Each structure stands twice: as C-alpha cells, then as structure tokens.
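> Quick one: structure below, then a few questions.
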Amino acid sequence: MPRLFGTDGVRGLANQDITVELAVSLAQAASVVLGKGRFADGRRASGRRPVGVIARDPRVSGEFIAAAVAAGFASSGVDVLDAGIIPTPAAAFLIADVKADFGVVISASHNPAADNGIKFFAVGGTKLPDEVEDRIQAALDEKKLAPTGVEVGRIRRFADAEDRYVVHLLSTLPHRLDGIHVVLDCANGAASGISPEVFTDAGATVTVIGADPDGYNINDGVGSTHLDVLAAAVLEHGADVGIAHDGDADRCLAVDHLGRIVDGDQIMAVLAVSMKERGLLKENTLVATVMSNLGLRVAMAEHGITLLQTAVGDRYVLEALNERGLNLGGEQSGHVIMSDHATTGDGILTGLQLLAEMARTGKSLAELASVMTVYPQIMINVRGVDRAALKSDEVVAAAVVAAEERLGSTGRVLLRPSGTEPLVRVMVEAQEQSVADEIAHSLADVVRERLTV
C-alpha cells in the first residue's frame, strides 16, 4: 500500500480522498498507536481515559471530518476536547498546555477549500515522526479498540481554548506594538477571529482583510498565496506593515510599507540577527531548508550566524532544532518555528515577534529586511509526472549537473518531488533573473519529457 501520510499529514480532496470512513479509521488507528503510552508518561496507569484535542480550520468539509475523527476517538475510549476553529499552532500549544495525550488538526493549510487534511500531534504538541505515522497506517488493518460502558470516550467542547492561546501569545512579546499600523490578511481561515484580537491587544493599530470565512472562501484570492491583495491594502491604508497568514495560520509572510514582499527567509534573517544581538539565539545557529534562498546563507555568514539546512518540511526543521537544542528555524514559505514559545510553525507568533522588532529598533520593515539580499529565484511546478522516478532518471541527473556547472558558485539548482501532489518542483537561483529563468525552463522541459505519466 502506498504511504498514506505526506509531508504534512494525510491530505486530499474532501469526500473523495479524505472520506468519513478514512477519518474514523485513522482516528481509531491513532488511538491504538498513540494511546499505548509510547508518547505519554505512564499516566494511563491511573485508570483515566486518554485525552485528545481536535481542532480545524473553517472549510465546510471540516465539519463532517472533525465529527468523524471525534467519533473514532470516542469509540476507542478517548476523551475528546473539541476546540473548534483555531489555528494549527494553537492546537499544538493546547495539547501541551492541558497535558493531552495527543491531538489532531483538520486542515489543508493553504490548499483550496475543496481539499482537506488530517494531521496528528503527539503528547507535548509535537508532530509525529515518519515511523509513528507508518505505525498508524499499519494499524488501519489491525484490530480496533472497542471499549464499552464507562470506558467509552466523551466528547466535550474545549470552552476556553481560544483564550488560553491568546494569553500565551501575548506573554511572548518582548515589546508592545504601540504606534505600528498593521494590515492583517487572515486568508478567510483559522486566524480570522484570533489574529486581529491579539495584535490589537498588543497595542497595534489593526486593519483587517480576509477575515470573513464562510466555509468556502478559505485562501480564495487572499492570504499568504495572494500577497498582491495585502500589498494593495497596505498602500491604500498607508500602513507600516502587512502580515499574511494561510488557512490554518501556521505561516506568516509580510509586506513592507512600500508594498514589497518580505518572505520567510527574510523574516528569519531579521529574527535571527535580532536574537543574536540580544544573546537569545542558541549556538548562534539558524535552521532552514534546502529551499531557502542563497541570500540567506550569505547574510547569516556576514553576521556570524551558522545556517543549518534540512530537507523540505517544517517537521525536519523541528527535528534539527530539537536534536541540537536550537530555538529558531523555518521555511521560505513562512513556516517559522520559535521553539522557545512553540512546537510548530506559528504565523501569529511570528508576526508579533517581527513587529516587536520594528517597535524595539524604531526601524521600518524595509530597513530590517535589507539585512538580506534576495538572489533571483524561479520555481516551476512540473505537473502530471512520475515524481518517484526523479531520483533514478539519468538524463534528468545529467541536465542538473550541466546546469550546476554553468552556475558555479553564483547560483544553485534544486529538483524535488512534491510530498503531496504528483509534481516535481524545479528551483533555480542565479545572480541574474534571466539566467535563472532560462535554466529553470530548460530543466522543466527535461523533467516533463522524461517523467510525464
């Protein structure tokens, strides 16, 4: 059976790929694997039922999928705390905060409303390693737990979930945001209720867009995948900065007062330099993925900061942070992990810390972001190809070598299969955009010719 879990849980078209039956079965299988004490600390010896937290983003399919997951948990003897619509990082925080045994978020992040996903978290609010996800998949075909009577789980509303998370976010602020005008784009997603409240409570003047979720409009022309809307709003309102989230609010991208995009790499550069200056950056090291811009490595070297790179996916960034005891890492896409305050990428937390640095220094975001020069980069998604054949195709490999020889030390090439879709991503960086474009399109043609299904 092909691996069910991708780079960020199980994801697909709701009611076709992500069905009620699959949701119930995954919850039952997760109860078997995660409820055996492998991630807990033996507390089940006291006789209490395991506790699981469920959260979701506003997409309409989340209603029936969350209900199915809750049924799977409760029928397996798990007490369910239903947190409703809250960001993914809020769920991760709450799992740790109430000492739950595990949890799940129903979300497809930045994907269109028709998609959805099921993402599990272990005790402490951490994402599952690959081997544990594989055990859950294997348990789909094993005997399910079937308690009766008083051993059946209960389903309850997590009444103060949002308040707990808001208090936590505000407690992380090193500096209030008074005097800063921010436009927040909540992607009609899970941040719509919380992000405006938090930034306002922190002292900022807040203008809000993309905060009217109706179950169908999540990520639709707004949010971190449509930054032109945020840029226009920043200019229209004369704001100092714009912050964009994705559907489940684990991302943060920004726009400066001139309407220019500040991506995840630049945000990490700003935060890393600030934390180093304040003696807070552990081992003076930043963790990023191989997709990060070459300019990030150059900027970090100039400031005496080591850049440690991992495979693509915030879970691999988190693994590196935990292994080395580091406290800052993330992705160009805006997943930024500040492990002193969170166990996963948190878009609201990141935005707060970015604006706090503006307030602390009195500098504009444009000034702060200038710490890093972004190398011209192009990404081409080649769809309808056999992504599994990428590593073994000799013609593609030879084309990559030739491109790397042409670029030398002035750029780089990266080809990687998507973890969730049938496509290969072709990324090229160079000192000149025209060179990057030419090489990327040439490589994309080779991939399309060799790997099209």
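The values are calculated or read from the model by the stated rules, or taken from the named source; none is laboratory data. Being a predicted model, the structure only gives us computed values, none of them experimental. Note: ideal-geometry Cβ built from the backbone for every residue, glycine included; neighbour counts use all protein chains shown. Just so you know, the surface numbers come from the protein's heavy atoms only, side chains and all, with ligands and any DNA or RNA stripped out. Shrake-Rupley method; radii C 1.70, N 1.55, O 1.52, S 1.80 Å.
> Take the alpha carbon atoms of region 235-303, find their radius of gyration, then divide it by 2.2 N^0.38 Å using N residues; give the quotient. Mind dumping the intermediate values first?
Values: Rg = 13.7 Å, N = 69, 2.2 N^0.38 = 11.0 Å.
Dividing the Cα radius of gyration by 2.2 N^0.38 Å gives 1.25.
> Could you tell me which residue out of Ala342, Ala359, Val374 lies farthest along the dipole of region 331-390 toward its positive end? Charges go on the beta carbon: Lys and Arg +1, Asp and Glu -1, centred on the Cα centre.
Val374
> For the pairs Lys99/Lys391; Lys282/Lys391; Lys99/Lys363; Lys119/Lys391; Lys119/Lys144, note any where the Cα-Cα span goes beyond 31 Å.
Details: Lys99/Lys391 42 Å; Lys282/Lys391 35 Å; Lys99/Lys363 40 Å; Lys119/Lys391 27 Å; Lys119/Lys144 20 Å.
From the list (Lys99/Lys391; Lys282/Lys391; Lys99/Lys363; Lys119/Lys391; Lys119/Lys144), the Cα-Cα distance tops 31 Å for Lys99/Lys391; Lys282/Lys391; Lys99/Lys363.
> Could you list the square roots of 5 times each eigenvalue of the Cα gyration tensor of region 109-186, that is, the equivalent ellipsoid semi-axes, sorted largest first and rounded to whole Å? Spell out each step's value before the answer.
Details: eigenvalues 267, 78, 44 Å².
After diagonalising the Cα gyration tensor, the semi-axes are 37, 20, 15 Å.
> If I compute solvent accessible area with a 1.4 Å probe over the protein chains, what percent of it on the chain is carbon and sulfur? List each step's numbers first, then the result.
Working: 8960 of 17700 Å².
Whole-percent figure for carbon plus sulfur exposure: 51.
> Looking at Gln332, Ala161, Ala244, which one has the Cα that reaches farthest to the positive end of the dipole of the chain (charges on Cβ: Lys, Arg +1; Asp, Glu -1)?
Ala161
> What is the chain's relative contact order, in percent, from Cα pairs under 8 angstrom and six or more apart in sequence? Mind dumping the intermediate values first?
Values: 1033 pairs, mean separation 58.3, N = 453.
Value for the chain: 13 percent.
> May I ask you to give the solvent-accessible area per residue for region 213-350, in square angstrom, as obtained with a 1.4 angstrom probe? Intermediate values should be presented prior to the final figure.
Working: 4550 Å² over 138 residues.
Solvent-accessible surface per residue comes out at 33 Å².
> Using Cα-only point scatterers and the Debye equation, what is log10 of I(q)/I(0) for region 270-364 at each q in 0.14, 0.17 Å⁻¹, rounded to two decimals?
-0.45, -0.68
> Tell me, what is the FRET efficiency for Arg157 and Val20 to the nearest 0.05, using R0 = 25 angstrom and their Cβ-Cβ distance as r?
Values: r = 21 Å, r/R0 = 0.85.
With a Förster radius of 25 Å, E is 0.70.
> Then there is this: Okay, helix-only estimate at 222 nm for the chain: each DSSP H run of n ≥ 4 adds -39500 (n - 2.57), divide by all residues, round to 500 deg cm²/dmol; what do you get?
Working: 14 runs with 166 residues, N = 453.
Roughly -11500 deg cm²/dmol at 222 nm, from the helical runs in the chain.
> Additional query: Hey, for a label at Glu438 modelled as a point 7 Å past Cα toward Cβ, could you say which residues of region 277-310 have their backbone N under 18 Å away?
none
> Kirkwood-based Rg over Rh for the chain (C-alpha set), two decimals?
Numbers: Rg = 22.0 Å, Rh = 22.6 Å.
That ratio equals 0.97.
> Give the long-range amide H neighbours of Ile18: residues separated by 5 or more places, or on another chain, with amide H under 5 Å away, using H modelled in the peptide plane at 1.01 Å from N.
Excluding prolines and chain starts, which carry no amide H, the hits are Leu13.
> Something else: Would you mind working out the magnitude of the charge dipole of region 330-447 relative to its Cα centre, with +1 at each Lys and Arg C-beta and -1 at each Asp and Glu C-beta, to the nearest 20 Debye?
Values: 9 positive and 16 negative charges, 42 e Å.
About 200 debye.
> Just to be sure I follow the definition: excluding the sites themselves, where is the longest run in the chain that has none of the GluC sites (Glu not before Pro) in a DSSP loop with at most 13 other Cβ atoms within 10 Å? Walk me through the numbers before you get to the answer.
Values: sites that count: Glu142, Glu432.
My reading of the result: 143-431 is the longest stretch.
> How large is the accessible surface per residue of region 42-180, computed with a 1.4 Å probe and reported in Å² as a whole number?
On a per-residue basis, 39 Å².
> May I pose another question? Measure off 7 Å from each Cα along the Cα-to-Cβ vector at Lys143 and Glu367, then give the distance between these two points in nanometres to one decimal.
About 6.8 nm separates the two model spin labels.
> Also, I was wondering about something else. Please report the Cα spread of region 296-448 along all three principal axes, rounded to whole Å, starting with the longest.
That works out to 51, 31, 25 Å along the principal axes.
> Whole number please: convex hull volume per residue of the Cα set in region 317-401, in Å³? Write down the numbers at each step before the final one.
Numbers: hull volume 15.6 nm³, N = 85.
With only Cα atoms used, region 317-401 gives 184 Å³ per residue.
> While we're here: Modelled label-to-label distance, Ala388 and Val298, 7 Å Cα→beta-carbon offset: nm?
The answer from the label model is 4.0 nm.
> Roughly how many debye, to the nearest 20, is the charge dipole of region 73-209 about its Cα centre, given +1 on each Lys and Arg Cβ, -1 on each Asp and Glu Cβ, and no other charges? The partial results should precede the final answer.
Numbers: 11 positive and 19 negative charges, 42 e Å.
It comes to approximately 200 debye.
> How big is the Kirkwood radius of region 392-453, worked out from every pair of different alpha carbons and given in Å to one decimal?
Values: mean 1/r = 0.0837 Å⁻¹.
Evaluated over region 392-453, this radius sits at 11.9 Å.
> For region 67-200, build the convex hull from the C-alpha positions and give me its volume per residue in Å³.
Here the figure is 133 Å³ per residue.
> Only four residue types carry charge here, +1 at the Cβ of Lys and Arg and -1 at the Cβ of Asp and Glu. Report the dipole size of the chain about the Cα centre in Debye, rounded to the nearest 20. Can you show the working numbers first?
On the way: 40 positive and 60 negative charges, 293 e Å.
Dipole about the Cα centre, nearest 20: 1400 debye.
> Between Met1 and Ser171, what is the label-point separation in nm under the 7 Å Cα-to-beta-carbon projection?
Result: 4.0 nm between the two label points.
> Another one. Of Leu451, Gln433, Ile118, which is farthest towards the positive pole of the chain's charge dipole, taken about the Cα centre with +1 and -1 on the beta-carbons of Lys, Arg and Asp, Glu respectively?
Ile118
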